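Colleague: Encoded as structure tokens, here's the structure I'll be asking about.
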Amino acid sequence: LPPRHMDSVVQILEALESTDRGFSGPVPALARALGGCGTPGCRAVLGDPPHVPPAPAPTLSHEQWLLFTQLLHHDAAAPERGAVLAPDGSTVALGPLLAGIEVGLKRAAGWPLPTVEPPVDALYAVTITEALAMSFLLARDGDGNRATLGPGGCWDDIDDPQNYTLLGPPSPIPDAVANGAMDGVLLGAQLAQAPIPLADLLRGYYGTGNGTEKGRPPSSYRRRDFGVLTGPGKLEEEVAVMLRVLRVLPPTQELLEDVGPEEVVAIARRAARDFTEVYVECPAIVPRCMWGARPYRGTPKPLTLPLGSVYIHHTFEPSAPCRTFPACAAAMRAMQRFHQDTRGWDDIGYSFVVGSDGYLYQGRGWHWVGAHTKGYNSKGYGVGYVGDFSAILPDPDTIALVRDGLLPCAVKTGRLHQNYTLRGHRQMGHTDCPGNSLFREIETWRGFK
């Protein structure tokens, strides 16, 4: 089959939009026919799906049709199977993405509001709030071990992605579904204002094809943009409304029989709070298997959390900031080779590395002692910015990724003390790291001593 990459999806949409042969309705309706919106809430909002057409030959090859069918076949036991790899290195589920796009197109065409009681915001209902409502509803009676969000995962091959494997116990909303839902909300809202062909929309948003060479695509800002659009109370309100809708839909009625109004509010509050913390306030971290890490040599030593310190570095080499996923992943591999082969260390030294592509990259991560600040590796996290920041600063949003994202998130999740100390590498040893410009910048950050 074609690679499970957003490029393949754009090519399929282009072929479907370029002809009126085969399927007669719009592409999102075809996605619904193939199972992209088969849940009770989604059907209540958008109506029953149309009949599945025979393969819309000759617009698509047999392989393209098979891939599109597989990506939209909803499997409740493995929702991540409908996912593709985007050029920014993130993984996106197609079902919620195309459902949000369908709502946007319908709104642009003057669609009357869905006749669902109580009234819901259709854009959130078909993308994220039903999934959140069900995930946290099912977890409420559990023993605390049932996952409600996440995890992320890894592809078998970045260049020809075919199989995506989760990195932990699955929830109804793995990272791929969260990404697809946020993108569905953002692109649905955009289309409601100004409809354009879907292939063009996705090419511009994800930077497929040649767009990836130009730096950060809009998709790498999804967390920030979703947070701005959605606002703090909106998600909670819409999850609560969706729970009340599910109470009257036959397939889900039984699940909500003994759930009173106060509990509905409590479930909605927890779902909105946890989702916002994990997918809006905390930055995305690219796991080791995505950037192509070699194995750790020897046995890693565990850190004792929470830690009290953070040490800021710049990599110096590579000296240029990396602005795309392929460039940042290559920089990570080069650093790991240097640290293991030349320095003789067990692994890449940093806990986390900061790309200028909008993503953090996992080095040793949250739980293992690094090799970043001699004499202090077990006392704090080492965070390295890719580039030489002696004379220039990282981009403002790359500075904010650590200052306003990683550090508050580490405190909130119990990995870093509330009253942590922040220092530049040069304060702990004989070095110019993290460069004069970056050092002057971190002097203004909370916790700097």
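Colleague: In a Gaussian network model over the chain where Cα atoms closer than 10 Å are linked, find which of A77, A268, A178 has the largest mean-square fluctuation.
Modeller: Answer for the Gaussian network model of the chain: A77.
Colleague: Something else about it: Provide, for the chain, the number of lysine pairs with alpha carbons under 28 Å apart, each pair being eight or more places apart or on different chains.
Modeller: Taking the chain as the scope, the lysine pair count is 11.
Colleague: Looking at the square roots a ≥ b ≥ c of the eigenvalues of the Cα gyration tensor of segment 18-118, which shape do they give, rounded for a/c under 1.5, prolate if a/b is larger than b/c, or oblate?
Modeller: Oblate shape, in that a/c is at least 1.5 and b/c is the bigger or equal ratio.
Colleague: Another question about this same structure. Write out the chymotrypsin sites (Phe, Trp or Tyr not before Pro) in segment 406-449 meeting two conditions: DSSP loop, and at most 16 other Cβ atoms within 10 Å of their Cβ.
Modeller: W445
Colleague: Skip the ligands, DNA and RNA, and give the accessible area per residue of the chain with a 1.4 Å probe, whole Å².
Modeller: Here the residues of the chain average 43 Å² of exposed surface.
Colleague: Given segment 289-443, report the % of alpha carbon pairs whose separation exceeds 19 Å.
Modeller: The answer is 49 percent, as a whole percent.
Colleague: Right, something else. Each residue of segment 403-419 in order: what ³J(HN,Hα) in whole Hz does its phi give by Karplus 6.51 cos²θ - 1.76 cosθ + 1.60, θ = phi - 60°, with x for Gly and Pro?
Modeller: For segment 403-419, the Karplus curve yields 4, 9, x, 4, 5, x, 5, 5, 5, 4, 8, x, 9, 9, 4, 3, 9 Hz.
Colleague: Springs between alpha-carbon pairs under 10 angstrom, Gaussian network model over the chain: which of V103, V185, V228 fluctuates most?
Modeller: The residue that fluctuates most here is V228.
Colleague: Let me ask another. Computing the accessible area with a 1.4 Å probe over protein heavy atoms, can you report the carbon and sulfur percentage for the chain?
Modeller: The C+S portion of the solvent-accessible surface of the chain is 53 percent.
Colleague: Average the reciprocal distances over every distinct pair of alpha-carbons in segment 117-228, invert the result, and give the Kirkwood radius in Å.
Modeller: By the Kirkwood definition, the hydrodynamic radius is 16.2 Å.
Colleague: Who wins for biggest fluctuation among G380, G260, G100 in a Gaussian network model of the chain, springs between alpha carbons below 10 Å?
Modeller: Looking only at G380, G260, G100, the biggest GNM fluctuation is shown by G260.
Colleague: Roll a 1.4 Å probe over the protein heavy atoms and report the accessible area of V120 in Å², nearest 10.
Modeller: About 20 Å², ignoring ligands and nucleic acids.
Colleague: Between segment 67-142 and segment 328-407, how many Å separate their Cα centres?
Modeller: What the calculation gives is 35 Å, centre to centre.
Colleague: Additional query: Compare L202, L105 by solvent-accessible area with a 1.4 Å probe and give them largest first, with all protein chains kept in place.
Modeller: So, going from the largest accessible area down, we get L105, L202.
The values are calculated or read from the model by the stated rules, or taken from the named source; none is laboratory data. Please read all numbers here as calculations on a predicted model, not as lab measurements. Reconstructed Cβ throughout: ideal geometry from the backbone, glycine too, with neighbour counts over all protein chains shown. Quick note on the areas: whole protein, heavy atoms, side chains included, nothing else; ligands and nucleic acids left out. Shrake-Rupley method; radii C 1.70, N 1.55, O 1.52, S 1.80 Å.
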